[in-house]
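The values are calculated or read from the model by the stated rules, or taken from the named source; none is laboratory data. None of the values given here were measured: they were computed from a predicted structure. Using ideal geometry, Cβ is built from the backbone for each residue, glycine included, and neighbour counts are taken over all protein chains shown. Surface accessibility is based on the protein's heavy atoms, side chains included, excluding ligands, DNA and RNA. Shrake-Rupley method; radii C 1.70, N 1.55, O 1.52, S 1.80 Å.
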Amino acid sequence: MSDSTLPADTFSPLRNAISWLAWPGLLTISIAIMAYGFTVEMPALFFNIAYLLLALCLYGLEQWMPHERVWNENDGQTFANIAHTLTSKGVVQAAVVFSTVIGISSYVTPAAEPGYSIWPRSWPMWTQVILAIAAAEFGLYWGHRIAHEWPWLWRFHAVHHSVTRLWIVNTGRFHFVDSFKSIGLGMAILLALGAPMEVLIWLSAITAFVGMLTHCNVDMKFGPLSWWFNTPELHRWHHSKDLREGNKNYSENIMLWDHVFGTFYNARDYRPPVDIGIQEEMPAGFLQQLAWPFRRRP
């Protein structure tokens with residue numbers, strides 16, 4: 001019997017199980033691969049392996065069990081999405097995290113001298129990473145929030161919000177100025193506290209994993225996970241054109257500061273909107289999108 005003749009609900013138990021297990025399971029596997037990379041002293045290599053594996057798994061799930069089928073249709077932005085990813089998340093994050101931070105750490109005493117640092121370097125690494133996520137999230141939260149509330153910063157952040165569908169390929173669609181701002185605010189807190197380089201790398205890796213999971217077009221279920229973590233369920237509200245929904249859920253990894261500052265939002269009685277994007281008109285070309293924030297406004 002061919003697949004086309006199978007009843008629609010044949011795989012429903014399997015699909016239901018995957019919908020509950022996919023988010024925590026894929027994140028756990030990605031972190032485990034990254035941890036192995038540290039044990040063999042090749043974290044960069046194994047980060048790339050974990051990131052690629054995560055992308056392939058999510059792409060397959062997007063085709064099989066999409067949250068919105070219409071989001072699987074071509075929007076003509078794949079090249080622009082990849083180009084933004086390379087110029088922002090690729091070049092900027094690599095330059096800032098793996099080069100600039102190393103250079104800064106030789107000048108900032110807390111980061112270079114453990115004896116002068118207030119960072120708890122004697123703690124187990126996993127507890128340091130949890131602390132780093134909570135501390136850096138404060139900067140990431142406010143960096144994201146002001147990008148929505150300050151018009152001159154919104155021009156750059158609007159490049160990301162101009163997408164009309166969510167899927168893994170537009171995870172890294174950020175204007176490079178927007179990325180510099182976000183990475184700088186998050187890392188500055190950890191540098192000031194004297195966090196070691198391993199912690200900074202862990203934060204970058206986990207943020208990258210969560211970012212891809214957050215933007216995926218996969219039908220997942222989360223339950224209480226959405227109270228604590230930035231899940232696709234929450235981030236779909238953040239991309240709403242209705243600012244009562246869109247100006248919410250600013251956190252990158254954990255929802256701590258959204259709860260503290262009253263911007264957490266997760267309506268349970270209706271679905272997030274399918275029609276997402278911005279009110280402004282964004283040009284279709286990559287180079288035009290890079291130039292768009294610098295154009296004079298009437």
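Data overview
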{"quantity": "Region 41-77: number of residues that are under 13 Å from Ile31 (Cα atoms) and polar (S, T, N, Q)", "calculated": "1"}
{"quantity": "Helices (runs of 4 or more DSSP H) wholly inside region 227-298 containing at least 1 residues that are within 17 Å of Val163 (Cα to Cα) and modelled with pLDDT of 95 or more", "calculated": "232-238, 243-246, 286-291"}
{"quantity": "Residues (farther than 27 Å from Thr78 by Cβ, over 18 Å from the mean Cα position of the chain (by Cα) and without any contact (Cβ under 8 Å) to a residue 40 or more places away in the chain) located in region 243-263", "calculated": "Leu243, Arg244, His259, Val260, Gly262"}
{"quantity": "Selection from region 109-133 of residues that are at pLDDT below 95 and open to solvent by 50 Å² or more (accessible area, probe 1.4 Å)", "calculated": "Thr109, Glu113, Pro114, Gly115, Tyr116, Ile118, Arg121, Ser122"}
{"quantity": "Inter-residue pairs, beta-carbon under 6 Å, first of a type in the set (Lys, Arg) and in region 215-230, second open to solvent by less than 40 Å² (accessible area, probe 1.4 Å), 6+ apart", "calculated": "Lys221/Ser19"}
{"quantity": "Filtered residues of region 159-203 (kept if open to solvent by 10 Å² or more (accessible area, probe 1.4 Å) and among the polar types (S, T, N, Q))", "calculated": "Ser162, Thr164, Thr171, Ser182"}
{"quantity": "Condition broken by Glu281, with the remaining ones in (1) free of Cβ contacts under 8 Å to residues at least 60 places away in the same chain; (2) under 26 Å from Phe138 (Cα atoms) satisfied", "calculated": "(2)"}
{"quantity": "Residues satisfying the stated conditions in region 146-199, i.e. basic (Lys, Arg) and without any contact (Cβ under 8 Å) to a residue 60 or more places away in the chain", "calculated": "Lys181"}
{"quantity": "Pair list, Cβ < 7 Å and 6+ apart or interchain, from region 119-135 residues that are more than 16 Å from Ile189 (Cα to Cα) to residues that are open to solvent by 30 Å² or more (accessible area, probe 1.4 Å)", "calculated": "Met125/Glu198"}
{"quantity": "Test: residue in region 264-287 that is exposed (fewer than 11 other Cβ atoms within 10 Å of the Cβ), under 27 Å from Leu185 (Cα atoms) and more than 21 Å from the chain's Cα centre (by Cα)", "calculated": "yes"}
{"quantity": "Unique residue being within 25 Å of His161 (Cβ to Cβ) and surrounded by fewer than 17 Cβ atoms within 10 Å (Cβ to Cβ) when the list is Thr78, Thr39, Thr28, Thr87", "calculated": "Thr78"}
